[in-house]
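These notes concern the structure reproduced below.
The values are calculated or read from the model by the stated rules, or taken from the named source; none is laboratory data. This structure is a prediction, so every number in the text was calculated from the model and none was measured. As a convention, Cβ positions derive from the backbone with ideal geometry for all residues, glycine included, and neighbour counts pool all protein chains shown. These area figures cover heavy atoms from the full protein model, side chains too; ligands, DNA and RNA do not enter into them. Shrake-Rupley method; radii C 1.70, N 1.55, O 1.52, S 1.80 Å.
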Amino acid sequence: MANDIGILSFGAYLPRLRLQRKSIAAANNWFAPGLRGLAKGERAMANWDEDSITMALEAARDCLGGRERASLAQLMLASTTHPYDDRQNAGIVANALNLGSALASLDVTGSQRAGTSALATALAASGGREILVAAGEHRLAKAASPQEMHYGDGAAALLVGAGKPVARLLGAHSETVDFVSQFRARDVSYDYAWEERWIRDEGYMKIVPRAIEALMEASGAKPQSVTHFCMPCTLSRVAPGIAKRAGIAEGAVRDTLAATCGDTGAAHPLLMLVHALEEAKAGDRILVASFGQGCDALLFEVTDAIAGLAPRRAVKGSLARRREEANYPKFLAFNDHIVLERGMRAEGDKGSPLSTLYRNRDMITGLVGGRCRACGTVQFPRGRYCVKPECNALDSQDDQPFSDIGAKVMSYTADVLTYSPDPPAYYGMIQFDGGGRMMADFTDVDEGKVEVGMPMRMMFRIKEHDKARGFVRYFWKATPQ
Amino acid sequence: MATGIRDKVVILGMGCSKFGERWDRNAEDLMVEAFEEGLKDAGIGRHQIEAAWFGTAIEEQHVGKSGVPLAMTLRLPYIPVTRVENYCATGTEAFRGAVYAVASGAVDIALALGVEKLKDTGYGGLPQRGRGGLNNFFWANISAPGSFAQLAAAYRAKHGVNASDLKRAMAHISVKSHDNGAKNPKAHLRNRITEEDVLKAPMIADPLGLYDCCGVSDGSACAIVTTPDIARGLGKKDLVGVKAIQLAVSNGQEVQYDGWDGSYFATTRVAAKRAYKEAGIDNPRKSISMFEVHDCFSVTELVTVEDLGLSEEGKAIGDVLDGFYDASGKVPCQIDGGLKCFGHPIGASGLRMLYEMYLQLNGRAGERQHPDPVLGMTHNLGGFPSQNVSSISIVGRYGA
């Protein structure tokens, strides 16, 4: 039975913006000319309204697709950049996925291994139950730092359980070593990293091969059988070096997505695993390893079920959904690295009434409206009386989630007056396919490209930062399909 | 069976402050300015006012809540004062309260006064304000221009109008209002503008540029109303009667149900039908002498002339460009300069519109005077195209 435990489904998400590394290098050349050597390719850049939660949720939606969600027993959310220290971040994702309250949930954090540790724990704990592991990362980096070049924002999600996994777990092994290649203390926004040569020689090259060796021994597999080796590392030639030392074929070493996405931290091993699963065929063996105060190593064997998986965005689709961004100051502003004159309209304090949010959590976090039992009219939000004038039935509505329903633009504007961190603010009336409508903020739109009739889909995003209280208000926005 | 309000109540007197950036005046000063004029015009003393309605919308910017600021400022003698707020239709709501009080026979003389002091925010445009605890969690990040700008996208899609034709008609609307406002000493903006000025102005909310938006001003206006008999007893001749006051308020059909296409005001269409019926008007395009619409934005005026039944649906652009609504046209619109030139001190605007109709009907509009006005209509709208309060008042020669 143990062999039947594995990955049932997978998904990924990358923010649409891709900051050009040459823009970073050009802007900082006066101060850090050495960055020019890293000025190749692009990195995924979160929009102002994205964080590790919104990205992980998108990956989770991609992973779950149209699957029945009632069978989910647990949700694990991994990140080193959870928006909340105390308010369960996984709980927000669970609510946005409308998973219901009968659910175990866990935030996993604390190292770059958080994603793989969550996955290994889920696989070990599953016992046949379905566990969703999602990881999202949105790390800050100081201007002109190598991290600013290397990092990217993104998320991945894997559904773990029994039955017909697309990839069966062959084994897992973890090493825990307090090797501090980099760290980020509480109340500090940025990573502090030690010398790369030391990290490479004393860290990666010693700890990771040891973990792989132990994994191979425990699972009875041969390193030569690995066809996909997923090993995130921002240092060059490290992954091939580890492969060589561990006896893994050179051709198995997978692209770290450095040129197209950047390193997405705790999410990255899972992102690379998803990318491998997208390309894998039955019988392939995928080794995923992560590094950070030790090493997690997991070995999977891809099964026939991989061919039957429904199409999804995953990593390839995420890489294809891109818009080049050459505006480095915009990146700085989105990450609050520069003090912008945001104007008096940005001063407003709307408060964050928690009891109001709780009472309406399905509506706000879950985008749940109503479907009238008397007349069939779907509507958002759900009122006590049905909105159809010929009906107006009282308390007649069942839950109607709108998050996965497509919509079309009915009217729109690009507003320069209202405060937006990324003006102009696009918003408009959208009509859901099959009924229901709402006045919605738009996100990830191109200037001048919005039209009446344009198909949209809903995305969970940051609506507003309540800076007076440090509270993040999330809601759903419409984005071009 | 209700018989409506037609000619049960007449306007005894009206007052209107100078609108504008009144940096040296408090809201209370503006209230007194309007009230002094109204009281003198009515020819009564304050002790003869038996009830008052006080309209103010963004009270946290100036006088605060309740009817107390009105009673305190005007030293009203312990009479009932009701503070009303109904989005930007607040001024008409105050008028409606006073008119209904007189019509009911509960009081002989009632006052409606609206005021707003908007120019103490430190920035242009309407003051930022919350939408309500739950609404703040899910309402889109809308501004007033951004919500009304969407009329243009939906109107174009529905009627197959290209962007530049629509923008040109919108420009004509603003040019016409500035021509009228230039002749009005109480208007805030008294400069003439050209179509080119409008088209070249900076964008506020696509496709509304700066000159497609009304001004933001401080101001106050008031009306004192009574019965025809009492007015005559006070020596008034050529009475201006209230013919209709109607209000239609969105119930969610536009923003939550599927019928509305975003290109018009569902409420205004309903309120207009009811108002014409109440006033006994069969053909408004023929019968209405002049009117003021809530031209917060040029596109609002454009679609509203259709909603009021003055232009056929889809034909407003033609009528506007033909000059049908110019001061010299068949049915002048914004003959005083409108919100465009007066700005929009929210609580005052509905009463300011009535003030112009009242002056015109009394032949006191100076160089703006319409040759032979019989019926004047005001349309005072609050909220957003997708959820709003639309009010329509018709006043005219008493008995006509």
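In segment A:2-334, taking the dipole from charged Cβ atoms about the Cα centre, the farthest positive-side position among A:Leu287, A:Leu19, A:Ser111 is held by A:Leu19. Think of segment A:405-480 as having a plus end and a minus end, set by charges on the Cβ of Lys, Arg, Asp and Glu; of A:Gly435, A:Phe471, A:Ser420, A:Phe471 sits farthest toward the positive end of this dipole. Under the simplified labelling scheme, the A:Leu340-A:Lys281 pair shows an inter-label distance of 4.9 nm, with each label point 7 Å from Cα along Cα→Cβ.
Mind putting a number on the dipole of the protein assembly as shown about its Cα centre? Charges go on the C-beta only, +1 for Lys and Arg and -1 for Asp and Glu, and I need it in Debye to the nearest 20. The dipole magnitude comes to about 420 debye. Taking amide H atoms as placed 1.01 Å from N in the peptide plane, the amide H of B:Ile281 has no partner under 5 Å among residues 5 or more positions away or on other chains. Need the C-alpha centroid separation for segment B:266-289 versus segment A:17-66, integer Å. So the two Cα centres are separated by 58 Å. Taking amide hydrogens as placed 1.01 Å from N in the peptide plane, the amide H of B:Gln334 sits under 5 Å from those of B:Phe291, B:Glu292, B:Val293, each at least 5 positions away in sequence or on another chain.
Note on chain B: along the principal axes its Cα atoms extend 57, 44, 44 Å, ordered by decreasing extent. Counting Cβ atoms of other protein chains within 10 Å of each Cβ in B:201-208 and taking the mean gives 5.
Per residue, the protein assembly as shown reaches -8000 deg cm²/dmol at 222 nm when only DSSP H runs of four or more residues are counted, each adding -39500 (n - 2.57). Reducing segment A:245-303 and segment B:34-84 to their Cα centroids gives an inter-centroid distance of 75 Å.
The phi-based Karplus calculation (6.51 cos²θ - 1.76 cosθ + 1.60; θ = phi - 60°) puts the 3J(HN,Hα) values of segment B:24-35 at 9, 10, 7, 4, 4, 5, 5, 4, 5, 4, 5, 5 Hz, whole numbers, x for Gly and Pro.
Counting other Cβ atoms within 10 Å, keep those with at most 13, restrict to DSSP loop, and tell me which GluC sites (Glu not before Pro) in segment A:318-388 are left. It would help to have the intermediate numbers written out before the result.
Working: sites: A:Glu324, A:Glu325, A:Glu341, A:Glu347; in loops: A:Glu341, A:Glu347.
Taking segment A:318-388 and a limit of 13 other Cβ atoms within 10 Å, the loop GluC sites (Glu not before Pro) found are A:Glu341, A:Glu347.
With a/c under 1.5 counting as rounded, go ahead and sort segment A:2-334 into rounded, prolate or oblate using the C-alpha gyration tensor (a ≥ b ≥ c being the square roots of the eigenvalues; past the cut-off, prolate if a/b is larger than b/c, else oblate). Oblate, since a/c reaches 1.5 and b/c is not below a/b.
Qualifying trypsin sites (Lys or Arg not before Pro) in segment A:194-243, where qualification requires a DSSP coil assignment and no more than 12 other C-beta atoms within 10 Å, comprise A:Arg237.
Within the straight-line cut-off of under 20 Å between alpha carbons, the lysines reachable from A:Lys350 are A:Lys463, A:Lys467, A:Lys477, B:Lys65, sequence neighbours fewer than 8 places apart in one chain being disregarded. Near the amide H of A:Arg382, within less than 5 Å, lie the amide hydrogens of A:Gly370, all on another chain or at least 5 residues away, with H placed in the peptide plane. Per-residue 3J(HN,Hα) values for segment B:335-341, derived from phi via the Karplus relation 6.51 cos²θ - 1.76 cosθ + 1.60 with θ = phi - 60°, read 5, 9, x, x, 4, 3, 9 Hz in sequence order (x marks Gly and Pro). Computed over segment A:305-381, the P(r) tail beyond 19 angstrom holds 73 percent of alpha carbon pairs.
In the structure shown, the pairs B:Lys176/B:Lys330; A:Lys408/A:Lys449; B:Lys158/B:Lys330; B:Lys200/B:Lys340; A:Lys388/B:Lys273 are assessed against 19 Å; a Cα-Cα span above that value is assigned to B:Lys158/B:Lys330; A:Lys388/B:Lys273. Derived scalar couplings between HN and Hα for segment A:216-232 equal 5, 5, 5, 8, x, 9, 9, x, 5, 7, 6, 9, 9, 10, 9, 9, x Hz in order, rounded to whole Hz, by the Karplus curve 6.51 cos²θ - 1.76 cosθ + 1.60 (θ = phi - 60°), x for Gly and Pro. Highest mean first, the peptides A:147-158, B:61-72, B:176-187, A:44-55 sorted by other C-beta atoms within 10 Å per residue fall in the order A:147-158, A:44-55, B:176-187, B:61-72. Rolling a 1.4 Å probe across all protein chains gives A:Glu447 an accessible area of roughly 140 Å². Rounded to the nearest 20 debye, the dipole size of segment A:2-334 about its Cα centre is 760 debye, using +1 on the Cβ of Lys and Arg and -1 on the Cβ of Asp and Glu.
Relative to the current alpha-carbon distance between A:Lys40 and A:Arg321, full extension at 0.36 nm per residue lengthens the span by 99.2 nm.
Other protein chain C-beta atoms within 10 Å of residue C-beta, averaged over A:438-447: 3. Could you tell me which of rounded, prolate or oblate describes the protein assembly as shown, using a ≥ b ≥ c as the square roots of the eigenvalues of the alpha-carbon gyration tensor, with rounded for a/c under 1.5 and, failing that, prolate when a/b is larger than b/c and oblate otherwise? Prolate. Using only the Cα atoms of segment A:336-385, each taken as one equal point scatterer with no solvent, compute I(q) by the Debye sum, divide by I(0), and report log10 of the ratio at q = 0.17, 0.21, 0.26 Å⁻¹. Here the Debye-derived log intensity ratios amount to -0.72, -0.83, -0.97. For the listed residue pairs B:Lys18/B:Lys183; A:Lys281/A:Lys316; B:Lys119/B:Lys167, the alpha carbons are over 19 angstrom apart in B:Lys119/B:Lys167. Here is the P(r) of segment A:288-345: all C-alpha pair distances, binned every 5 Å from 0, give 4, 10, 9, 10, 13, 13, 14, 10, 8, 4, 3, 1 in whole percents. Each of the peptides A:110-116, A:137-143, A:100-106, A:170-176 was scored by the mean count of other Cβ atoms within 10 Å over its residues; in descending order, highest first, they stand as A:110-116, A:137-143, A:170-176, A:100-106.
What ranking, highest mean first, results for peptides B:83-92, A:266-275 when packing means the other Cβ atoms within 10 Å averaged over each residue? Each step should come with its number before you reach the end.
On the way: B:83-92: 26.3, A:266-275: 30.5.
Highest to lowest by the protection proxy: A:266-275, B:83-92.
Peptide B:154-162 has a mean shielding of 2, counted as Cβ atoms of other protein chains within 10 Å of each residue's Cβ. Under a model in which nothing but the beta-carbon of Lys, Arg (+1) and Asp, Glu (-1) is charged, segment B:183-236 shows a dipole of about 460 debye around its Cα centre. What shape does segment A:188-333 have by the C-alpha gyration tensor, where a ≥ b ≥ c are the square roots of the eigenvalues, rounded means a/c under 1.5, and otherwise prolate means a/b greater than b/c and oblate the rest? The shape class here is oblate. When the protein assembly as shown is described by a simple charge dipole with +1 on each Lys and Arg Cβ and -1 on each Asp and Glu Cβ, the residue from B:Val320, A:Ala243, A:Tyr328 located farthest towards its positive end is B:Val320.
Nearest 5 is fine: what % of DSSP beta bridges in segment A:2-334 come out antiparallel, could you say? Let's see the in-between values first.
Values: 38 of 57 bridges.
Antiparallel bridges make up about 65 percent of those DSSP assigns within segment A:2-334.
Segment A:248-299: which trypsin sites (Lys or Arg not before Pro) are DSSP loop and have at most 13 other beta-carbon atoms within 10 angstrom? Listed in order of number, the matching sites are A:Lys281.
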